[in-house]
Amino acid sequence: MLREPEARDRTTFIELLASPEVHTYLGGPRPRDELECETHEVPERWPGSFVVELGGAMIGQTLLRRAVGHRRPAAVGKADLGYLFLPKAWGRGYAAEACAAALDWFDGVLPGEPVVLTTRTANIASMRLAAKLGFTEVERFLAWDAEQWLGLRPPAM
């Protein structure tokens, strides 16, 4: 189930951002004590930010936001799909299901808009998910000391 963030999700948001496993391909985790100080009681809400809930508990997050300040010209101004899931939820299809639902929501709110996704090429699971969701490669580039992949999902018609 996708829903807005609530106060009860704060601990899981901190866990996601502090997890070395979750941030293997995202530049490393943030310090937990820093996150405890910076994370609001109710995590920030905005259209396109969804908590992924399973059995009454948060297992991840999907994000759709404008790629403002993106380093790649092909992504500028387009919606950017991101997601984070707790390691215990990996390999069960939850990311595919949640991202597909978020993209369906996006298509209903902004029909005809393309979406981009960036991931490290070393993140094989993320590369597979991008293909499953209909993203095709636009380019590969070096950033953050690693090869990155930029994919585009054409507008739904």
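A few remarks follow.
- ARG32 of a type in the set (D, E, K, R), closer than 19 Å to SER126 by Cα and surrounded by fewer than 16 Cβ atoms within 10 Å (Cβ to Cβ): no
- Among the residues of region 40-52, those that are within 23 Å of LYS88 (Cα to Cα) and touching a helix residue (DSSP H, G or I) at 6+ places or on another chain (Cβ under 9 Å) comprise PRO43, PHE50, VAL51, VAL52.
- Flag for GLY77 being more than 28 Å from ILE14 (Cβ to Cβ) and in a loop (DSSP other than H, G, I, E, B): yes
- Subset tally (residues that are in contact with a Lys or Arg (Cβ under 8 Å, 6 or more places away or on another chain) and either modelled with pLDDT under 75 or surrounded by fewer than 15 Cβ atoms within 10 Å (Cβ to Cβ) (or both)) for region 38-55: 4
- Any hit, region 89-107, residues being among the basic types (Lys, Arg), surrounded by fewer than 17 Cβ atoms within 10 Å (Cβ to Cβ) and either outside any loop (DSSP other than H, G, I, E, B) or touching a residue at least 24 places away in the same chain (Cβ under 8 Å) (or both): no
- Any hit, region 108-129, residues being assigned to a strand (DSSP E or B), more than 15 Å from the chain's Cα centre (by Cα) and in contact (Cβ under 8 Å) with a residue 60 or more places away in the chain: no
- Selection count where residues are out of contact with any helix residue (DSSP H, G or I) (no Cβ under 7 Å at 6 or more places or on another chain), of a type in the set (A, V, I, L, M) and over 16 Å from ALA67 (Cα atoms), scope region 112-142: 7
- Yes/no for PHE135 being within 19 Å of ARG72 (Cα to Cα), aromatic (Phe, Trp, Tyr) and more than 15 Å from the chain's Cα centre (by Cα): no
- Every residue from region 134-145 that is among the aliphatic types (A, V, I, L, M) and either closer than 27 Å to LEU110 by Cα or touching a residue at least 40 places away in the same chain (Cβ under 8 Å) (or both): VAL138, ALA143
- Identity of the residue in region 130-157, assigned to a helix (DSSP H, G or I) and of a type in the set (A, V, I, L, M, F, W, C), that ends up surrounded by the fewest Cβ atoms within 10 Å (Cβ to Cβ): ALA131
- Members of region 1-23 that are out of contact with any helix residue (DSSP H, G or I) (no Cβ under 7 Å at 6 or more places or on another chain), β-branched (Val, Ile, Thr) and surrounded by 13 or more Cβ atoms within 10 Å (Cβ to Cβ): THR12
- For region 56-73, a tally of residues being surrounded by 15 or more Cβ atoms within 10 Å (Cβ to Cβ) and assigned to a loop (DSSP other than H, G, I, E, B) returns 3.
- The condition of being aromatic (Phe, Trp, Tyr), touching a Cys at 6+ places or on another chain (Cβ under 7 Å) and either at pLDDT below 90 or closer than 25 Å to ASP9 by Cα (or both) holds for only one of TYR25, TYR94, TYR83, that being TYR83.
The values are calculated or read from the model by the stated rules, or taken from the named source; none is laboratory data. Predicted model only: the values in this text are computed from it and were never measured. Glycine gets a Cβ as well: all are built from the backbone with ideal geometry, and neighbour counts include every protein chain shown.
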